[in-house]
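The values are calculated or read from the model by the stated rules, or taken from the named source; none is laboratory data. Fair warning: this is a prediction, and the values are worked out from it, not measured in the lab. Note: ideal-geometry Cβ built from the backbone for every residue, glycine included; neighbour counts use all protein chains shown. Keep in mind that these areas ignore ligands, DNA and RNA; they rest on the heavy atoms of the full protein, side chains included. Shrake-Rupley method; radii C 1.70, N 1.55, O 1.52, S 1.80 Å.
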Amino acid sequence: MKQLDAQSEALIAPIDQDAMLADAQAWSAINTGTANLDGLAKQAGVLADAFAALPGDVELVDPTPVSAIAADGSEFEKPHGQHLIARIRPDAERRLLFTGHMDTVFPKDHSFQEQTWLDDDTLNGPGLADMKGGIAVFLHALKAFERSDVADQIGYDVLLNSDEETGSLASAPLIEQMAQGKYAALTYEPSALPDGTLAHARGGSGNYSLTITGKSAHAGRNPQDGRNAIVAAAAIVLGLKELQTEDCPINPAKIEGGAANNVVPDHAVLRFNIRPKSPDAAAAFEAALASLIGETQQAHEVTIHQHGGISRPPKPVDRKAQRLFDLVRDCGASLGQTIGWQSTGGVCDGNNIADCGVPVVDTMGVRGGAIHSPDEFMIVSSLRERAALSALVIHRLASGEEL
Ligand SMILES: [Zn+2]
């Protein structure tokens, strides 16, 4: 391993592993399932105090209203928690964006709430890897960076949203707004593999609910007068499977609705997910879906209402984004860390940021694994390791590194 230069040594020296662990543990102890608004409010308050250590204003922002479709086809509003933002030196010419999420996939009545040491360096607990440990990584990286001589060379915004785990529908406009004009972005999802491998290109994701309204009739007396919504929903499911390509997996997930056995059903809700791998595949699917809906309405004499769509655009890695990956790899090498990357089918806020044309590496958080399960773990020593990596990357970007 190359000797780290004195400047980099001084930069990372203040990063305090024990303080980072204390933060991650305290934050993991607060349940922040995406629907737990009390827990999220408590977490936002604690994080606002922590991020007040940075030289900028911290603000809590109301979520964008989000509606969903109930099983009976009615639209209802889904409540969400507030998001936290901080702006540091907003007038700087070169500005960066740092993002993370404070919610987890574990509701407040889930059995997984406690932390358990698996060995000296492995801590099991809700949200430790995904991504409260990641929030500690960038908070402490930024605190160290603020002590450096080039801190005033850049400005940056911080965004901690409350709804990433359900697709960031209540924060997507805020993400887009905060990505505007940024030179680069770093997002603190855990590494793609426990060895620190980063997620590279990502596919996209879309969730749809189609409400199908037919006409009810007696199943024996006048079935010819009925328009069967379940049959139309089934026709769409088969049509969707015909549309599936290698570049766009489609998963019909649920059909709700129907009626008694002696009634032609006039109501169904069909839900499905798509995973387009490229912007072209996403556009082609949306056009084909519009045709499929039109044809089915005609053939089955039903009306179909579409709710939802592509909420995570595919994230290809363009030239500037690749240079950001290269910069992270180079900074890792000078710290004795081997950083690789691989493509993934998973999605995150990095998809939304990349869609704004901003280069992003979105797995800068801790090393860990088994996320979204009660086996979720964080490799504890990766807290300081990954904060040092981030501090170096930020320092290089503040020192004029071009992407
Ligand atoms: Zn996450």
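Some values worked out for this structure:
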{"item": "Summed residue charge, Cβ within 12 Å of residue 64's Cβ, Lys/Arg positive, Asp/Glu negative", "result": "-3"}
{"item": "Pair-distance profile P(r), taking every C-alpha pair of the range 209-361, with 5 angstrom steps and integer %", "result": "2, 9, 15, 15, 13, 10, 9, 7, 6, 5, 4, 3, 2, 1, 0, 0"}
{"item": "Farthest toward positive dipole pole in the chain [+1 Lys/Arg, -1 Asp/Glu at C-beta], among 30, 255, 15", "result": "255"}
{"item": "Extension reserve of the residue 288-residue 52 stretch, reckoned as 0.36 nm per residue once the Cα distance is removed", "result": "80.1 nm"}
{"item": "Extended-chain gain in nm, criterion 0.36 nm per residue less alpha-carbon gap, residue 242 and residue 224", "result": "3.6 nm"}
{"item": "Residue-span extension gain [residue 76 to residue 41] - 0.36 nm each, minus C-alpha spacing", "result": "10.4 nm"}
{"item": "Theoretical FRET efficiency, 1/(1+(r/R0)^6), r = Cβ-Cβ of residue 319 and residue 195, R0 35 Å, to 0.05", "result": "0.85"}
{"item": "Radius 14 Å from Cβ of residue 53, net charge of other residues (Lys, Arg +1; Asp, Glu -1)", "result": "-3"}
{"item": "About the Cα centre, charge dipole magnitude for the range 1-67 (Lys/Arg +1, Asp/Glu -1 at Cβ), debye", "result": "200 debye"}
{"item": "Span from the the range 226-249 Cα centroid across to the the range 1-68 one, whole angstrom", "result": "44 Å"}
{"item": "Lys, Arg +1 and Asp, Glu -1 on Cβ, resulting dipole of the chain about Cα centre, debye, nearest 20", "result": "720 debye"}
{"item": "Rough spin-label spacing in nm, given labels placed 7 Å along Cα→Cβ, for residue 306 and residue 117", "result": "5.5 nm"}
{"item": "Considering only the chain, percent of DSSP beta bridges that pair antiparallel, nearest 5", "result": "75 percent"}
{"item": "Among 158, 290, 273 - extreme Cα towards positive end, dipole of the chain, charges at beta-carbon", "result": "290"}
{"item": "Positive-end extreme of charge dipole, the range 286-391 - chosen from 359, 304, 373 (charges on Cβ)", "result": "359"}
{"item": "Computed over the range 98-172: relative contact order in percent, which uses C-alpha pairs under 8 Å that are six or more apart", "result": "45 percent"}
{"item": "Simple Cβ-charge dipole of the range 142-277, Lys/Arg +1 and Asp/Glu -1, about Cα centre, in debye nearest 20", "result": "700 debye"}
{"item": "Sites matching GluC sites (Glu not before Pro) across the range 32-96 that sit in DSSP coil, with at most 14 neighbouring C-beta atoms within 10 Å", "result": "93"}
{"item": "Environment charge of residue 179, counting only residues whose C-beta is closer than 13 Å and scoring Lys/Arg +1, Asp/Glu -1", "result": "-2"}
{"item": "Accessible surface, 1.4 Å probe, highest first, among residues 140, 110", "result": "110, 140"}
{"item": "Most mobile listed residue (50, 260, 281) in the chain, GNM with C-alpha springs under 10 Å", "result": "260"}
{"item": "For the chain, Kirkwood radius (reciprocal of mean inverse C-alpha pair distance, Å)", "result": "22.6 Å"}
{"item": "Cα centroid of the range 161-193 to Cα centroid of the range 316-331, whole Å", "result": "18 Å"}
{"item": "Spin-label proximity, residue 67 to the range 284-306 - amide N less than 14 Å from point 7 Å beyond Cα toward beta carbon", "result": "305-306"}
{"item": "Within straight-line cross-link reach of residue 241, aspartates and glutamates at Cα separation under 20 Å, skipping those fewer than 8 residues along the same chain", "result": "256, 280, 286, 295"}
{"item": "Under 27 Å from residue 182, Cα to Cα: lysines that are on another chain or at least 8 residues apart", "result": "132, 143, 277, 315, 320"}
{"item": "Shape call, the range 12-103: gyration tensor on alpha carbons, a/c limit 1.5", "result": "oblate"}
{"item": "3J(HN,Hα) from dihedral phi, the range 44-56, Karplus parametrisation 6.51/-1.76/1.60, rounded to Hz, x for glycine, proline", "result": "4, x, 5, 5, 4, 5, 5, 6, 5, 5, 7, x, x"}
{"item": "Loop trypsin sites (Lys or Arg not before Pro), the range 117-200 (other Cβ atoms within 10 Å of the site Cβ: 14 or fewer; DSSP)", "result": "147"}
{"item": "Compactness of the range 27-159 - radius of gyration and Dmax, Cα, Å", "result": "17.4, 60"}
{"item": "Label-zone membership for the range 134-160, site residue 16, 7 angstrom Cα→C-beta point, backbone N under 14 Å", "result": "140-141, 143-144"}
